[in-house]
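Novice: Here it is, the structure in full.
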Amino acid sequence: MNVRELLLPVLLLINVVGVFAQPTTFTNAIGMEFVFIKPSSMMVGRFQPPYPKPPKPDDTTQKTAGLAWTSNDYHRAEELVKQDAKNGFTVTIRKPYYIGKFEVTQAQWKQVMGTNPSAFQGNVVKDNADQHPVEQVSWQDVQKFLVKLNALDKTHRYRLPTEFEWEYAARAGADDDISWKAIWASAQMGSMTTAPVGQKTPNAWGLYDTLGNVWEWVQDVYNEKIFADPTPPRSGSQHVLKGASFVGDVKNATYMTHAAGPGNGWDVGFRVVMEAK
């Protein structure tokens with residue numbers, strides 16, 4: 001047995017102890033709240049479209065609905081779905097991290113940047129705009145925010161989440177095939193404006209607005225495909241957006257949606273990762 005093999009159990013134990021030694025929540029100097037995310041694995045990109053199945057002999061539902069499908073029709077539907085279905089792939093999150101409990105607010109953006117680019121402020125909203133998510137920020141704008149945030153707080157390192165970090169935290173252990181009822185319970189959609197953060201039901205790990213309110217930038221470059229690849233591209237003209245917005249189509253309000261910015265602008269914001277020590 002070599003030295004590496006002897007040290008491996010010790011290193012694993014140190015890693016486990018380090019994970020459990022981290023506080024589960026953290027609030028930084030400007031009031032940004034973070035939730036601790038433990039590493040694990042998830043299945044990404046699995047896609048199984050629904051399709052009609054042949055009725056049972058005693059089922060009259062399809063007859064009363066006026067459907068007249070033949071056995072060939074059902075077989076063809078099944079074959080078409082098989083062509084579009086994707087098995088997905090396993091993603092392992094290897095390091096713990098903290099992620100914003102809420103989307104970055106207008107107040108937090110102003111505190112760091114000294115300006116407010118948001119469309120939904122002042123008389124445009126009926127409540128406190130400071131608590132609404134900042135929007136009308138490009139991916140490049142967010143990078144400038146992160147540079148200034150890191151300069152303000154040199155004891156931590158802040159960045160955008162990767163797409164897989166975002167999705168893993170947003171799903172909170174759930175399968176990506178969740179019900180529309182759950183989507184509407186947790187998403188700020190169907191509104192005329194953004195809403196103050198934290199008004200809807202949080203996910204199982206205590207994160208708010210992961211579906212709806214504003215689209216959220218992540219670090220990854222867009223791969224020009226409907227689904228993410230196991231390894232994101234190194235370069236490209238656009239970056240990935242996750243989570244849909246208050247004006248988004250409900251079909252986009254799933255954790256697996258892999259969209260690209262810049263989008264509308266006024267419905268695009270972000271949340272921040274703070275690296276665990």
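Novice: Where in the stretch 85-121 does the amide nitrogen come within less than 17 Å of the point 7 Å from the Cα of residue 29, taken along Cα to Cβ?
Specialist: Hits in the stretch 85-121 for residue 29 at 17 Å: 108-114.
Novice: Take peptides 200-209, 98-107 and line them up by average Cβ neighbours within 10 Å, highest first, as a rough protection proxy.
Specialist: 98-107, 200-209
Novice: Within a Cβ distance under 9 Å of residue 113, other residues only, what is the Lys/Arg minus Asp/Glu net charge?
Specialist: Working: positive: 110, 144, 148; negative: 141.
Once all neighbours under 9 Å are counted, the net charge is +2.
Novice: Taking the number of other C-beta atoms within 10 Å as the exposure measure, put 175, 153, 220 in order starting with the fewest. Walk me through the numbers on the way to the answer.
Specialist: On the way: 175 11, 153 16, 220 23.
If I rank by nearby Cβ atoms, fewest first, I get 175, 153, 220.
Novice: Follow-up. Through the Karplus equation 6.51 cos²θ - 1.76 cosθ + 1.60, θ set to phi - 60°, convert the phi angles of the stretch 30-40 into ³J(HN,Hα) values in whole Hz; use x for Gly and Pro.
Specialist: Values per residue, Gly and Pro as x: 9, x, 7, 9, 10, 10, 7, 10, 7, x, 5 Hz.
Novice: Per 0.36 nm of contour for each residue apart, how much would the distance between residue 95 and residue 191 grow if the chain were fully extended, relative to their Cα-Cα spacing?
Specialist: Values: separation 96, 0.36 × 96 = 34.56 nm, distance 3.68 nm.
Using 0.36 nm per residue and subtracting the Cα-Cα distance, I get 30.9 nm.
Novice: What is the extension gain from residue 225 to residue 249, computed as 0.36 nm multiplied by their sequence separation minus the C-alpha to C-alpha distance, in nm to one decimal? Kindly include the intermediate steps, with their values, before the conclusion.
Specialist: Details: separation 24, 0.36 × 24 = 8.64 nm, distance 1.87 nm.
Stretched out fully, the residue 225 to residue 249 stretch lengthens by 6.8 nm.
Novice: Mind checking the full-extension length gain between residue 143 and residue 260? Use 0.36 nm per residue of separation minus the Cα-Cα distance, one decimal, nm. Can you show the working numbers first?
Specialist: Working: separation 117, 0.36 × 117 = 42.12 nm, distance 1.68 nm.
Contour length minus the Cα-Cα distance gives 40.4 nm.
Novice: Now a separate question. Per-residue counts of other Cβ atoms within 10 Å, averaged by peptide: what ranking do you get for 113-125, 26-38, highest first? Present the calculation step by step, with values, prior to reporting the outcome.
Specialist: Working: 113-125: 14.8, 26-38: 16.8.
Top of the packing list down: 26-38, 113-125.
Novice: Could you pull out every residue, at least 5 positions away or on a different chain, whose amide H is within less than 5 Å of the one on residue 238? Hs are placed 1.01 Å off N in the peptide plane, and Pro or chain starts have none.
Specialist: When sequence neighbours closer than 5 places are left aside, the close amide H contacts are 222.
A short reminder: the numbers here are calculations on the coordinates, not readings from a lab. Worth saying up front: this structure is predicted, and the values here are computed from it rather than measured. A quick note on method: Cβ atoms are made from the backbone with ideal geometry, for glycine too, and the neighbour counts reach across all protein chains shown.
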